[in-house]
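Trainee: Following this message is one structure expressed as structure tokens.
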Amino acid sequence: MEKLVGFDQKLLIGMNKLAGKSSVADFIIVLLAQYFVYLIPLSLIIMWFWPRYDNIYKLKEQKNLISAFLSAIFSWLAISQPLIYVFHRARPDNILLGHKELFFHRPTFAFPSDHASMLFGLTFYLYFAGEHKKAHFFLALSVIICVSRIIAGVHFPFDIIAGLIIGLIIATLVRLLNRYLEPLSEKLIKFLKKYKLA
């Protein structure tokens, strides 16, 4: 275990060396690490309302978006958040001396990364549902955000990997339970259609 922790710290230190080289580069890293995540709900809203001429495909797409959203939320709130308080792993700024933290992060625990679990829970579900174009887009966002958070010094690499694994497991479970979720999704979409929200 000590070797794994040591390896994790070495990875962080190596990636964190990219920070502090340039104020412009640091600004971009902070932008990607802290604010790029807001593209996720914005993208989901655009995808939800994007006009489709095939109503059958639109219904299928919206059901997939609901299930992907549930996968993301469950990965984040139901799994990662409780586990954070089980493992009690401090963030790099509380453990390592000399590393650069590019922005202030409230002193919460780091393992597993709830950003990573949420992002990959969403992404993996879309892959499983056959929504490959959307999944590729969210995968790119997920990798950019997570790598930036390591470079910025707010997460260890293994925090991110643990979040990815959680996202994969929860997306798999949600997909397996999809036949039970579909009727609920259909009722939700039917309700939203009354108010022209679907």
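Every residue, every condition in (1) at pLDDT 75 or above; (2) under 13 Å from the mean Cα position of the chain (by Cα); (3) basic (Lys, Arg), yes or no:
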| residue | (1), (2), (3) |
| --- | --- |
| Glu2 | no, no, no |
| Val5 | no, no, no |
| Asp8 | no, no, no |
| Val24 | yes, no, no |
| Phe27 | yes, no, no |
| Leu31 | yes, no, no |
| Leu39 | yes, yes, no |
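Trainee: Given the criterion among the β-branched types (Val, Ile, Thr), under 25 Å from Gly130 (Cα atoms), touching a residue at least 40 places away in the same chain (Cβ under 8 Å) and assigned to a helix (DSSP H, G or I), identify the matching residue among Ile40, Ile45. Lay out the reasoning, then the answer.
Mentor: Numbers: Ile45 fails: touching a residue at least 40 places away in the same chain (Cβ under 8 Å).
None of the others qualify; the one that does is Ile40.
Trainee: Within the range 119-138, track down each residue that is more than 12 Å from Ser67 (Cβ to Cβ) and buried (at least 24 other Cβ atoms within 10 Å of the Cβ).
Mentor: Within the range 119-138, Leu119, Phe120, Thr123, Phe138 qualify.
Trainee: Here's something else I'd like to know. Restricting attention to the range 19-35, report how many residues are buried (at least 18 other Cβ atoms within 10 Å of the Cβ) and not in a helix (DSSP H, G or I).
Mentor: 1
Trainee: Go through the range 139-179 and report how many residues are more than 19 Å from Phe69 (Cα to Cα) and of a type in the set (S, T, N, Q).
Mentor: Keep residues of the range 139-179 that are more than 19 Å from Phe69 (Cα to Cα), which gives 144, 147-162.
If we keep only those that are of a type in the set (S, T, N, Q) as well, we get 148.
Qualifying residue count for the region: 1.
Trainee: Kindly establish whether Phe158 is in a helix (DSSP H, G or I), of a type in the set (Phe, Trp, Tyr) and touching a residue at least 40 places away in the same chain (Cβ under 8 Å). I'd like the intermediate steps shown before the answer.
Mentor: Details: in a helix (DSSP H, G or I): yes; of a type in the set (Phe, Trp, Tyr): yes; touching a residue at least 40 places away in the same chain (Cβ under 8 Å): yes.
For Phe158, the condition - in a helix (DSSP H, G or I), of a type in the set (Phe, Trp, Tyr) and touching a residue at least 40 places away in the same chain (Cβ under 8 Å) - is met.
Trainee: Still on this structure, I have one more. What number of residues within the range 163-186 satisfy the criterion of being touching a Phe, Trp or Tyr at 6+ places or on another chain (Cβ under 6 Å) and not β-branched (Val, Ile, Thr)?
Mentor: Adding up the residues that qualify gives 5.
Trainee: Another one. Please go through the range 174-187 and pick out each residue that is surrounded by fewer than 15 Cβ atoms within 10 Å (Cβ to Cβ) and either of a type in the set (A, V, I, L, M) or under 12 Å from the mean Cα position of the chain (by Cα) (or both).
Mentor: Listed by number, the residues that qualify are Leu176, Leu177, Leu184.
Trainee: Suppose the filter is part of a helix (DSSP H, G or I), over 18 Å from Cys146 (Cα atoms) and at pLDDT below 80; does Leu97 pass it? Full working, then the answer.
Mentor: Numbers: part of a helix (DSSP H, G or I): no; over 18 Å from Cys146 (Cα atoms): yes; at pLDDT below 80: yes.
Judged against the criteria, Leu97 is not a match.
Trainee: Another question about this same structure. Starting from residues that are without any contact (Cβ under 8 Å) to a residue 40 or more places away in the chain and exposed (fewer than 11 other Cβ atoms within 10 Å of the Cβ), keep the ones in the range 1-18 and report whichever is nearest to Val147 (Cα to Cα).
Mentor: Residue satisfying both the conditions and the ranking: Gly6.
Trainee: Mind telling me which of the residues Gly153, Gly163 ends up being of a type outside the set (S, T, N, Q), buried (at least 18 other Cβ atoms within 10 Å of the Cβ) and outside any helix (DSSP H, G or I)? Break it down stepwise before answering.
Mentor: Numbers: Gly163 fails: outside any helix (DSSP H, G or I).
Testing whether each residue is of a type outside the set (S, T, N, Q), buried (at least 18 other Cβ atoms within 10 Å of the Cβ) and outside any helix (DSSP H, G or I) leaves just Gly153.
The values are calculated or read from the model by the stated rules, or taken from the named source; none is laboratory data. All of these numbers come straight from a predicted model, not from anything done at the bench. Cβ coordinates were reconstructed from backbone atoms using ideal geometry, including for glycine residues, and neighbour counts include every protein chain displayed.
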